[in-house]
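The numbers here are math on the coordinates, done by the rules we state, and not lab data. Fair warning: this is a prediction, and the values are worked out from it, not measured in the lab. Using ideal geometry, Cβ is built from the backbone for each residue, glycine included, and neighbour counts are taken over all protein chains shown.
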Amino acid sequence: MYLDVFTLSALVDEFMDGLVGSRIQDVLDVDDTGIGFEVYGDRKRRYLYLSADTQTPRILLLDEKLRRGLVKPTQLGLLFRRYAEGGLIEHVSQPPWERILQFDITGPEGAISIICEPMERRSNLLLIQKGIILDCMRRVGPDENRYRLSLPAHEYKLPPPQTGKADPTQVSLEEVESFFAQNDDPKRKAQQVLASRLLGISPLIAKEIVYRASGDANQKATEADPSLIHEALRTLVEPLAKRQWQPGIVENEAGVTAYSVYPIESLSTWRATNSLTEALTAYYGAPVGEDAYRAAKVPVHEAIKEAQAKLGARLASLERSMTDQQERDVLRQSGELILAYQYALQSGQTELKAQYDIDKPDLVIKIDPKLSPLDNAQAYFGRYDKAKKALDDVPRLIRETRNELAYMAQLATDLEFASSWPEIDEVRQILQASGHWRGVAAKKIAGSGQSAPLRV
């Protein structure tokens, strides 16, 4: 889940109505990746939080007071304070089809722009004056990006134009047909085709379009009907093009799992909210209290549940192996019977039927005709020894698995009571270290090491 083009467009409209004309009264270093702005306008004091976190970038307008989360102010925070504190927010804008928000401010040292680029691993927060970067949260030199440097005293440039993508508000049926005709991957999903060929279409929007067209959000591209896809695309995007936003959230027993600026028909628990700001706060969590980070806990909780299921299956398998003594005894008995009947075996014989216990039926023993009776017997004894040795390790493995299950239960408890990004991240890091975190490697969400990055 991320801040896509249309979500940022809706934020622009809300900020133009609610932020423009407000004065910045204070600037705060909330955490290592985020800056807070206390703004006053329309007889109301609110708090704008801009985060360039590489995993969970956020743009939140809050009623709750922010507090400094760092012991010492950062160089960037001091610079923001110098240029923005006391300034007036004049305008909020977004470059076409970019995940970028620009705040134009008249400050104590002249006109400046604060540019927020909430693009996950490339997230950044920049202070610009007369088109020149004064400083930024994440400095990018020529070794990382020769075209687009993010360094003090360098010109600010927008990302290069997105080529090969069509405008979703103007795309024709013929173009949509060509998108699917050019697909040569039988495993590719229709949503992936749309997201790769249309400007501003996030995976969530693409899934919604495909669902409205077919009833199956995960429909394969080879099975898609371009005419139905085009109609669903037009129906969804037309209100967005007119800036007719319908903000809402998806909420279930796990908490708020998604937000959008259009109704999500593919997820039955979607409900409308009064504003996008309300939806974003619900998703990213209120900045105070034990439930502040419910949405962030969802994937971590799922990882713990998956780990518990795997460990439970492993424990059951190990406990079953403790009862398999009969199978191991058969291996030993087979070797002994081959030795007992070795002189009665015929050349090329592949099977021996013989009774080991008087009160039990004959054993049917497979024999390798390429081996001598002695070698066949030794093979069975070898398998028996290996199985017996494995059994010797089982009690230890059972203890270790039970300990891991107990540890997972403790992690689940820690996650339940976590009330800050660092506390949630600590659980994620433990899961990753123990091999139970799937997908993108867990990174520090907020490196301050303080309590919550947003605090009252």
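Tabulated data
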| quantity | calculated |
| --- | --- |
| Candidate aspartates and glutamates for bridging to LYS189, where Cα separation is under 17 Å - those fewer than 8 sequence places away on the same chain excluded | GLU177, GLU208, ASP216, GLU223, ASP225 |
| Sorted by Cβ neighbour density within 10 Å, fewest at the top, the residues MET408, MET119, MET16 | MET16, MET119, MET408 |
| Added length on full extension, which subtracts the Cα-Cα distance from 0.36 nm per residue, LYS360 to LEU151 | 66.9 nm |
| Entries of LYS44/LYS242; LYS366/LYS386; LYS187/LYS297 with Cα pairs more than 20 Å apart | LYS44/LYS242; LYS187/LYS297 |
| Linear extension gain, ARG320 paired with ASP13, 0.36 nm per residue minus alpha-carbon span | 104.3 nm |
| Under 16 Å from the Cα of LYS130 - lysines, other chains or at least 8 residues apart | LYS157 |
| Segment 293-434: radius of gyration over Cα atoms, expressed as a fraction of 2.2 N^0.38 Å | 1.71 |
| Loop trypsin sites (Lys or Arg not before Pro), segment 7-46, which have at most 11 other Cβ atoms in a 10 Å radius of their Cβ (DSSP) | ARG43 |
| Partners for LYS305 among aspartates and glutamates (Cα-Cα distance below 20 Å; same-chain residues under 8 apart left out) | GLU251, GLU253, ASP291, GLU400, GLU404, ASP414, GLU416, GLU423, ASP425, GLU426 |
| For segment 225-244 and segment 154-188, distance of Cα centres in Å | 15 Å |
| Pairwise FRET efficiency - LYS305 versus LEU158, Cβ, R0 = 56 Å, nearest 0.05 | 0.85 |
| Förster radius 60 Å - calculated FRET efficiency between LEU78 and ALA254 (Cβ-Cβ, nearest 0.05) | 0.90 |
| When segment 79-141 is reduced to its Cα atoms, the Kirkwood hydrodynamic radius in Å | 12.1 Å |
| Potential extension, ASN218-VAL298 segment - 0.36 nm per residue separation minus Cα distance | 26.6 nm |
| At least 15 Å along the helix axis (C-alpha) and Kyte average at least 0.0, DSSP helices within the chain | 5-18, 203-214, 226-241 |
| Global size of the chain as Cα Rg and Dmax, reported in angstrom | 31.5, 106 |
